[in-house]
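No value in this document is a laboratory result; all are computed from the given coordinates. The shown structure was predicted, so the numbers you read here are calculated from the model rather than taken from an experiment. Quick reminder, even Gly has a Cβ in these numbers, built from the backbone with ideal geometry, and neighbours come from all protein chains shown.
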Ligand code: ADE
Ligand code: ZN
């Protein structure tokens, strides 16, 4: 099965580029930027990755990105990810980035997006992997800051396919960003947002995302299973869900493999993704392998998962069809 998974053409739809910052690159960038890290080795860094819920993960995630300062830093970050993804036969990726995690510490938006964009272009030419960017707002910041970020992104509209919402969900429901999402839709962005696993009010957050915001897909969204009527609405609309088994295992007590099985059986367009692979020690191939093992997935089911992913991509129909 491992060989089958390795050879399968894959699609990644839930991947935070800042969550792909491996310890080795962290050291390189720290040195380049004259930053002293509070760790003496790669092993030291990995040993500090102890988290058991979303806030404890996010603390380490934001600390880690302090080394990202210049346009070449963002280029190197994205290029390293795309190389890794291409090595796992990922053919297409939609990549989240968190501009506010950088602008809030004085790193300009322009420099972040130019570095990422340049890597996407080079990777397509050099590695044959295609990718698009999704700009995420940080939900634990004020909605006004998200709106300002949305406006700041407009000169780069052609480089960004859609918007997302991430960071700490507690007390930060989807409706907090209703006006931001309305404007994003007017500007032609596609819409997604995190409804993280086992959060306070998870089901209500999924309902808000689908009914009140009108998202085009949902990131995570596993708790939808608690509300059969909501499952039916997602199914009717063909809304995709980007689920991340290994990440689930870190921020909750399980990979939620059984829930993923139920989502598949219910006809939901569920997909398997990696979230923050440098922190959770698993890219998309490892996520598929973990799930295949836990659920004894057949080759046909693995193919179905990747078909679901290519089907819900935000590519124009003719490009989508080329992967299917
Ligand atoms: N930012 C990066 N990874 C995240 C996750 N899994 N949930 C919420 N925000 C995130
Ligand atoms: Zn995520």
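Given the peptides 243-249, 46-52, 132-138, 80-86, arrange them by the average over their residues of other C-beta atoms within 10 Å, most packed first.
Working: 243-249: 26.0, 46-52: 13.3, 132-138: 23.4, 80-86: 21.4.
Ranked by mean Cβ neighbours within 10 Å, highest first: 243-249, 132-138, 80-86, 46-52.
Mind running the shape call on the chain? Use the C-alpha gyration tensor, a ≥ b ≥ c as the square roots of the eigenvalues: rounded below 1.5 for a/c, prolate if a/b tops b/c, oblate otherwise. Rounded, since a/c falls under 1.5. Rounded if a/c is under 1.5, else prolate if a/b is larger than b/c, else oblate: which is segment 203-306, with a ≥ b ≥ c the root eigenvalues of its Cα gyration tensor? The shape class here is prolate.
If packing is taken as the mean number of other Cβ atoms within 10 Å per residue, what is the order of 171-177, 182-188, highest first? Don't skip to the end; give the middle numbers.
Details: 171-177: 18.1, 182-188: 14.7.
Output ranking for 171-177, 182-188: 171-177, 182-188.
According to the square roots a ≥ b ≥ c of the eigenvalues of the Cα gyration tensor, what is the shape class of segment 82-144, taking rounded for a/c under 1.5, prolate for a/b larger than b/c otherwise, and oblate for the remainder?
prolate
Between residue 227 and residue 62, the C-beta separation translates, for a Förster distance of 30 Å, into a calculated FRET efficiency of about 0.40.
Segment 257-324 and segment 177-246 have their alpha-carbon centroids 17 Å apart. Ranked by the mean number of other Cβ atoms within 10 Å per residue, highest first, peptides 272-279, 124-131, 193-200 order as 272-279, 193-200, 124-131.
For the chain, adding -39500 (n - 2.57) for each run of n ≥ 4 DSSP H residues and dividing by the number of residues yields -14500 deg cm²/dmol at 222 nm.
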